[in-house]
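Engineer: Attaching a single structure in structure tokens format; questions to follow.
The values are calculated or read from the model by the stated rules, or taken from the named source; none is laboratory data. Worth saying up front: this structure is predicted, and the values here are computed from it rather than measured. Cβ coordinates were reconstructed from backbone atoms using ideal geometry, including for glycine residues, and neighbour counts include every protein chain displayed.
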């Protein structure tokens, strides 16, 4: 759930709007800037633990950046947090000597925040209610306030431009890749591999350059993925080879191979040890165990059995301009090259379809289906034709 802050009156006002919407806070309340996606879960946990251990009214996250320009400065007195001064409101002395900066992440005691949030004032340069002023309010009340320092300043990186978004995205990707490699995934060049936060990859899989894995994609163990591969919401089993392939909402079972330059559209399902080869497109179809569609083919809206071989240039004609129709191919069928299967059509188990056939009727099991014009031989024609053409040139 979320609450919209209709009037932009500052960070403290935003918290007060939420308080009014929910009727008060119970337990620890973590307040985070919405443009800081790089915070680690461990850092938030450290804030919560510090708050609970010391019964703090507030615990804030701090850092010491190489260049503190633009950050609010955390002011300490006798080693204790005494307040936060926004950069715009800081004196020149504070900007020079107070180098520990506010990250903009806090953990509050919910009941005390509910009670005291209305004490915020807006007597500052921006005429806004700063959540940072809660620190000074609590210090004035004698309430315990402390800080947790984060060593990696990149966690506090805010995003205010497309360039900063690209930087944050790269940092997040480095974290994901480092985690996967620590878990046993091999990457030849991690800088060229892009993997989404929800993707899972099992150990001993190798991911080659220019590979992108997005959405809920899962890759099993002992696979080789890439190069130049993009998988989205796709499940890959163990021991698969996926080379230069684009797959969306597809399933690739154990030992199956794809590519190079295969395209698996939604509903494509390669059973164990099936093959979708070079320049092959598969849509809403099941390719049976051990079946092969090696090259230059389109298979759409099809159920294919096991042990099938589809010759080069063969397609299922599944669309009449208005509706889609289904093709069924049985087990151990051989489809010759350059075959058109015009759906709806069924080819029975063990059938043989001759090359260059246009199949418009069902083929019984173990039958031969052949549909093409009979080859005609005209002896000597080529030589006669050449002679005539050469005579004209003279």
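Engineer: Looking at the structure I just gave you, is residue 86 under 19 Å from residue 153 (Cα atoms) and either touching a residue at least 12 places away in the same chain (Cβ under 8 Å) or in contact with a helix residue (DSSP H, G or I) (Cβ under 7 Å, 6 or more places away or on another chain) (or both)?
Structural biologist: yes
Engineer: Sort through 123, 151 and tell me the only one that's in contact with a strand residue (DSSP E or B) (Cβ under 9 Å, 6 or more places away or on another chain), modelled with pLDDT under 95 and surrounded by fewer than 13 Cβ atoms within 10 Å (Cβ to Cβ).
Structural biologist: Exactly one of 123, 151 is in contact with a strand residue (DSSP E or B) (Cβ under 9 Å, 6 or more places away or on another chain), modelled with pLDDT under 95 and surrounded by fewer than 13 Cβ atoms within 10 Å (Cβ to Cβ), namely 151.
Engineer: Restricting attention to the stretch 1-38, and to residues there that are assigned to a loop (DSSP other than H, G, I, E, B) and in contact with a strand residue (DSSP E or B) (Cβ under 8 Å, 6 or more places away or on another chain), which single residue is farthest from residue 155 (Cα to Cα)? It would help to see each step written out before you state the result.
Structural biologist: In the first step, residues of the stretch 1-38 are kept if they are assigned to a loop (DSSP other than H, G, I, E, B); the result is 1-10, 23-27, 33-38.
Retained after the next criterion (residues that are in contact with a strand residue (DSSP E or B) (Cβ under 8 Å, 6 or more places away or on another chain)): 25, 33, 36.
Values: 25: 27, 33: 12, 36: 7 Å.
Here the residue is 25.
Engineer: May I pose another question? Can you tell me which of 70, 24 is at pLDDT below 90 and either surrounded by 17 or more Cβ atoms within 10 Å (Cβ to Cβ) or more than 25 Å from residue 87 (Cα to Cα) (or both)?
Structural biologist: Details: 70 fails: either surrounded by 17 or more Cβ atoms within 10 Å (Cβ to Cβ) or more than 25 Å from residue 87 (Cα to Cα) (or both).
On inspection, the qualifying residue turns out to be 24.
Engineer: Can you tell me how many residues within the stretch 224-245 are under 14 Å from residue 270 (Cβ atoms) and part of a strand (DSSP E or B)?
Structural biologist: So the count comes out to 6.
Engineer: Pull up the stretch 98-115, narrow it to residues that are touching a residue at least 24 places away in the same chain (Cβ under 8 Å) and in a helix (DSSP H, G or I), then point me to the one that is surrounded by the most Cβ atoms within 10 Å (Cβ to Cβ).
Structural biologist: That would be 113.
Engineer: Taking residue 136 as the residue in question, decide whether it is at pLDDT below 95 and either surrounded by 21 or more Cβ atoms within 10 Å (Cβ to Cβ) or in contact with a strand residue (DSSP E or B) (Cβ under 9 Å, 6 or more places away or on another chain) (or both).
Structural biologist: So residue 136 passes the test.
Engineer: Scan the stretch 39-53 residue by residue and report those that are in contact with a helix residue (DSSP H, G or I) (Cβ under 9 Å, 6 or more places away or on another chain) and either assigned to a helix (DSSP H, G or I) or within 12 Å of residue 149 (Cα to Cα) (or both). Don't jump to the end; show me each part of the working.
Structural biologist: Looking only at the stretch 39-53, we keep the residues that are in contact with a helix residue (DSSP H, G or I) (Cβ under 9 Å, 6 or more places away or on another chain), and these are 39-40, 43.
Once the filter is applied, which keeps residues that are in contact with a helix residue (DSSP H, G or I) (Cβ under 9 Å, 6 or more places away or on another chain) and either assigned to a helix (DSSP H, G or I) or within 12 Å of residue 149 (Cα to Cα) (or both), the stretch 39-53 yields only 43.
Engineer: Collect the residues in the stretch 345-378 that are touching a strand residue (DSSP E or B) at 6+ places or on another chain (Cβ under 7 Å) and closer than 17 Å to residue 305 by Cβ, keeping them in residue-number order.
Structural biologist: 345, 346, 347, 348, 351, 352, 353, 359, 362, 363, 369
Engineer: Working carefully through the options 216, 221, find the one that is surrounded by 15 or more Cβ atoms within 10 Å (Cβ to Cβ), modelled with pLDDT of 95 or more and in a loop (DSSP other than H, G, I, E, B).
Structural biologist: Being surrounded by 15 or more Cβ atoms within 10 Å (Cβ to Cβ), modelled with pLDDT of 95 or more and in a loop (DSSP other than H, G, I, E, B) holds for just one of 216, 221, which is 221.
Engineer: Across the stretch 139-181, what is the number of residues that are in contact with a helix residue (DSSP H, G or I) (Cβ under 7 Å, 6 or more places away or on another chain), in a helix (DSSP H, G or I) and in contact (Cβ under 8 Å) with a residue 40 or more places away in the chain?
Structural biologist: Summing the residues that are in contact with a helix residue (DSSP H, G or I) (Cβ under 7 Å, 6 or more places away or on another chain), in a helix (DSSP H, G or I) and in contact (Cβ under 8 Å) with a residue 40 or more places away in the chain in the stretch 139-181 gives 3.
Engineer: Let me ask another. Would it be correct to say that residue 84 is at pLDDT below 85, within 41 Å of the chain's Cα centre (by Cα), under 24 Å from residue 19 (Cα atoms) and buried (at least 20 other Cβ atoms within 10 Å of the Cβ)?
Structural biologist: Considered against the rule, which asks whether it is at pLDDT below 85, within 41 Å of the chain's Cα centre (by Cα), under 24 Å from residue 19 (Cα atoms) and buried (at least 20 other Cβ atoms within 10 Å of the Cβ), residue 84 comes out as yes.
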